[in-house]
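Since the structure comes first, as C-alpha cells, the remarks are kept for the end.
The values are calculated or read from the model by the stated rules, or taken from the named source; none is laboratory data. Keep in mind that what you see is a predicted model, and the values were worked out from it rather than measured. Cβ atoms come from the backbone with ideal geometry, glycine included; neighbour counts cover every protein chain shown.
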Amino acid sequence: MSESPFSWPVRVYWEDTDAGGVVYHAGYLRFMERARSEWMRALGVDQMAFKEATGLAFMVRDMQIDFLKAALLDDELSVTVEVKERRAASILFTQTITKTDGSCLIRAQVRVACVDLQRMRPAPIPADLIPAGLIPEPAP
C-alpha cells in the first residue's frame, strides 16, 4: 500500500447542495469518483485509452459509507484515495473526505471491479496497468 494517501481538493458549489446549502448525499459519491479518476491519472493511466485498447473499465461493485458530518456551500474539502486490498479483478479503496480544518466528514470503503465491457463480466486487472510497486500484488 502507498506511504500516504492520494489527495484531491474539492470546493463545494451550489450545484452540490440542497436548498439549505448542505451537500446532497450523492455529491459525496461524485467527489470520491473524481478523486479515484485523478488517482489513476496521477499514476499515468489514461482511462479512455485503456478502455479502447483492452475493452475493460472499472466499475463500482460495492460501497460502504459512514456519513459523519455535513459539508456546506463553499467548504474546501480534501478527498483521499488509498488502496486497502487488491484482488485479481478488483481493488478495495479506503476514501475519506475532510474539511481543511482536518475534521473528517466521510469515511468510505469502495470496491471497484475490472469489467469486460462487451460481456459485462469481471476480468483480471492487467498486470502492467499500474506501475510496479504502487499497489500491492493481488491477494491469493
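Tabulated data for the structure shown
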read-out: Check on Val10, touching a Lys or Arg at 6+ places or on another chain (Cβ under 8 Å) and either at pLDDT 95 or above or surrounded by fewer than 13 Cβ atoms within 10 Å (Cβ to Cβ) (or both); value: yes
read-out: Selection status of Phe93, within 30 Å of Tyr13 (Cβ to Cβ), in contact with a Lys or Arg (Cβ under 8 Å, 6 or more places away or on another chain), surrounded by 15 or more Cβ atoms within 10 Å (Cβ to Cβ) and of a type in the set (A, V, I, L, M, F, W, C); value: yes
read-out: Residue count for the range 29-47, restricted to those that are modelled with pLDDT under 95 and either of a type in the set (A, V, I, L, M) or in contact with a helix residue (DSSP H, G or I) (Cβ under 7 Å, 6 or more places away or on another chain) (or both); value: 5
read-out: Any chance Val60 is modelled with pLDDT of 95 or more and either more than 22 Å from Asp101 (Cα to Cα) or part of a helix (DSSP H, G or I) (or both); value: yes
read-out: Set Ala53, Ala35, Ala26, Ala88: member being of a type outside the set (Phe, Trp, Tyr) and either assigned to a loop (DSSP other than H, G, I, E, B) or in contact with a Leu (Cβ under 8 Å, 6 or more places away or on another chain) (or both); value: Ala88
read-out: Hits in the range 33-53 (condition: surrounded by 13 or more Cβ atoms within 10 Å (Cβ to Cβ) and either farther than 23 Å from Met120 by Cα or small (Gly, Ala, Ser) (or both)); value: Ala35, Ser37, Glu38, Trp39, Leu43
read-out: Members of the range 63-83 that are part of a loop (DSSP other than H, G, I, E, B), surrounded by 13 or more Cβ atoms within 10 Å (Cβ to Cβ) and free of Cβ contacts under 8 Å to residues at least 60 places away in the same chain; value: Leu68, Ala70, Ala71
read-out: Residues of the range 90-104 satisfying the condition of being among the hydrophobic types (A, V, I, L, M, F, W, C) and more than 16 Å from Met63 (Cα to Cα); value: Cys104
